[in-house]
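See below for the structure under consideration.
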Amino acid sequence: MKLFQPLQINSMELSNRIVLTAMVTRLSGEDGYVNKDIRDRYIRFAKGEAGLIVVEAMAVHTAKSGPLLRLCDDSFIPGLRDMAKAVHDCSPSKIVPQIIHFLKIARSGWRQKVQDLTKVEIDQIVINYGDAARRAREAGFDGVELHMAHAYTLSSFLSQRNNRNDAYGRSLENRMRLMSEVIVRCREMVGKDFPIGVRFDGEECIKNGYTVMDSRQIALRMAQLGIDYISISAGGKFEDAILKAGEPLYPYTGYSGDRCMPGDTYPDGANVYIAEGIKSFINSKGYYTPIVTTGKIATPELAESILEEGKADMIGMARALLADPDWPKKVRDGRSDHLIRCIYGNVCKSLDENFRKVVCTLWPKGSLQAPESDDKVAPIWPQSAELKAKIEVGSVRLTWNAASDNEGVYGYEIYRAEGDKDFEKWTSVKRLGHWDTGVVGGERYRYYVRAYDFAGNRSEPSNSVEVAMPFPV
Ligand SMILES: Cc1cc2nc3c(=O)[nH]c(=O)nc-3n(C[C@H](O)[C@H](O)[C@H](O)COP(=O)(O)O)c2cc1C
Ligand code: SF4
């Protein structure tokens, strides 16, 4: 598979094309130092052998925030060095930190805007990024990723809504100025051979925000400035965020937030077209900087087809790897049928929003890390599964009997077929029942259920059931 072909990025060789894109864990304290839980989180990811692990955003400056890692002072280096080493010791995965600068926000809804910054403050941002990049190298990371996406400072400068009246605003060239200064400074600080990646929005997904028409030019400039890989995200802006009284504005609550972390109602690979547009543009200009695409890419088939069709060079996955950090290893070893599939209900996102420790709803209750198991014994149905389907209030209600397992049943996977089509994996649940609210009148549906354990072993399929939804009028 192309997914498992190695990729050279400057001095770093990735063993495969799978990238764990940055995901804030809220496992650190407000002090921003690495602690055991954070270290364990990245060791757990590393055991799954993603080619590149991007560690959650860490601040380049001292501004107050909730629980967030930091790289704004040399005192943060030892903890990060220890974590990077622990990852290298247990895995072929490469590891880079994502470094971020953000502006001030208040619970009242007030937020500092790029228009408020003085030239001295802008120059300080450039210095902060350079120093943090230097620390990333000193901490033994394999590279560094500059966060220029979503609602944060560098993204807000790139934004089409940046209407500063000086050399840093309005025109595309001016909006790219700070980004360029930061890239040049970071390169000076880390040297030529240290990989520098950038993450930025390929589309802002807000009214009057930029689209691929601008982002392809921005990516081209990054490539011209010697950036080693470009990771394309989307949305996640303050401009359309929904203010909750007394709470800090969370930039993933509006439409642009949905586009950033597409939920279960979005199609798979919802943002691939953006990366595709950027990649074809920079390639047409003679630049082949590897492009990462992300956004609801969960199946090996989709990931492989994106690479085969040349839409991107690497596949970014955040939630799919939170749900199952062993995804890369399982797919590489031909065990895709053991994957624990993310259901994109975004419980992890709402934990992040509320500054609570980010875990996956599929994990066993109370766990801070994804379970690990090499067990080979599949769950069984001690009595028959007796899957039943009943039409209730315009939905289908499914119920079945409990399965059992030598280690423990982790969950149940529900498969659904519409009319005469083939069965598809529909969702996963932990309890013994599910309401399918996505059915429509005049259509027939068939279902079956399989239990799975911590290693992803599946039970035999349950009996299958069929319901015909009456046409409503
Ligand atoms: C809980 C959570 C925290 C995230 N934190 C970051 C972050 O620190 N930096 C970043 O660039 N993206 C962050 N993201 C966005 C992800 O990297 C990714 O782009 C997004 O979830 C869509 O990809 P997916 O469908 O593979 O999850 C976060 C996403 C989630 C769910
Ligand atoms: S909490 Fe939900 S959306 Fe997040 S990783 Fe787990 S299954 Fe996926």
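The numbers here are math on the coordinates, done by the rules we state, and not lab data. If you're wondering where the values come from, they're calculated on a predicted model, not measured in any experiment. Because the Cβ atoms are built from the backbone with ideal geometry, glycine has one as well, and the counts that use them run over all protein chains shown.
For the stretch 310-333, what are the residues that are out of contact with any Ser or Thr (no Cβ under 8 Å at 6 or more places or on another chain) and either assigned to a helix (DSSP H, G or I) or within 11 Å of ligand 2 (Cβ to nearest atom) (or both)? Listed by number, the residues that qualify are Arg319, Ala320, Leu321, Leu322, Ala323, Asp324, Pro325, Trp327, Pro328, Lys329, Val331, Arg332. Taken together, Ile242, Ile227 contain a single residue that is out of contact with any His (no Cβ under 8 Å at 6 or more places or on another chain), without any contact (Cβ under 8 Å) to a residue 40 or more places away in the chain and part of a loop (DSSP other than H, G, I, E, B), which is Ile242.
Of the residues in the stretch 73-91, none is in contact with a Leu (Cβ under 6 Å, 6 or more places away or on another chain), away from ligand 2 (no atom under 16 Å from the Cβ) and within 28 Å of Met314 (Cβ to Cβ).
Kindly indicate the residue of the stretch 66-81 that is assigned to a helix (DSSP H, G or I) and charged (D, E, K, R) and also surrounded by the fewest Cβ atoms within 10 Å (Cβ to Cβ) among those meeting that condition.
Going residue by residue through the stretch 66-81, those that are assigned to a helix (DSSP H, G or I) are 74-81.
Narrowing the set further to residues that are charged (D, E, K, R) leaves 74, 81.
On the way: Asp74: 12, Arg81: 16.
The qualifying residue surrounded by the fewest Cβ atoms within 10 Å (Cβ to Cβ) is Asp74.
For the stretch 318-330, the criterion of a residue being crowded, with 22+ Cβ neighbours inside 10 Å and more than 15 Å from ligand 1 (Cβ to nearest atom) is satisfied by at least one position. Give the residue that is farthest from ligand 1 (Cβ to nearest atom), with candidates limited to residues of the stretch 138-172 that are charged (D, E, K, R) and in contact with a Gly (Cβ under 8 Å, 6 or more places away or on another chain). Across the stretch 138-172, the extreme among qualifying residues is Arg161.
Where strands (runs of 3 or more DSSP E) fall entirely within the stretch 384-473, those with at least 1 residues that are over 32 Å from the mean Cα position of the chain (by Cα) are at 388-392, 395-399, 444-453, 465-468.
So, in the stretch 442-455, of the ones that are in contact (Cβ under 8 Å) with a residue 40 or more places away in the chain and not acidic (Asp, Glu), which residue ends up surrounded by the most Cβ atoms within 10 Å (Cβ to Cβ)?
Filtering the stretch 442-455 for residues in contact (Cβ under 8 Å) with a residue 40 or more places away in the chain gives 445, 447-449, 451-455.
Next cut, not acidic (Asp, Glu) only: 445, 447-449, 451-452, 454-455.
Values: Tyr445: 21, Tyr447: 24, Tyr448: 20, Val449: 27, Ala451: 25, Tyr452: 25, Phe454: 20, Ala455: 21.
Only one residue tops the list, namely Val449.
In the set Asp375, Asp352, only one residue is more than 16 Å from ligand 1 (Cβ to nearest atom), farther than 30 Å from Pro470 by Cα and not small (Gly, Ala, Ser); that residue is Asp375.
Selection of first residues in the stretch 342-362 that are under 19 Å from Glu30 (Cα atoms) and in a loop (DSSP other than H, G, I, E, B) and of second residues that are of a type outside the set (Gly, Ala, Ser) and within 6 Å of ligand 2 (Cβ to nearest atom), restricted to Cβ pairs under 9 Å at least 6 apart or on distinct chains, gives the following pairs, ordered by first then second residue: Val358/Leu322; Val358/Cys348; Val359/Leu322; Val359/Val347; Val359/Cys348.
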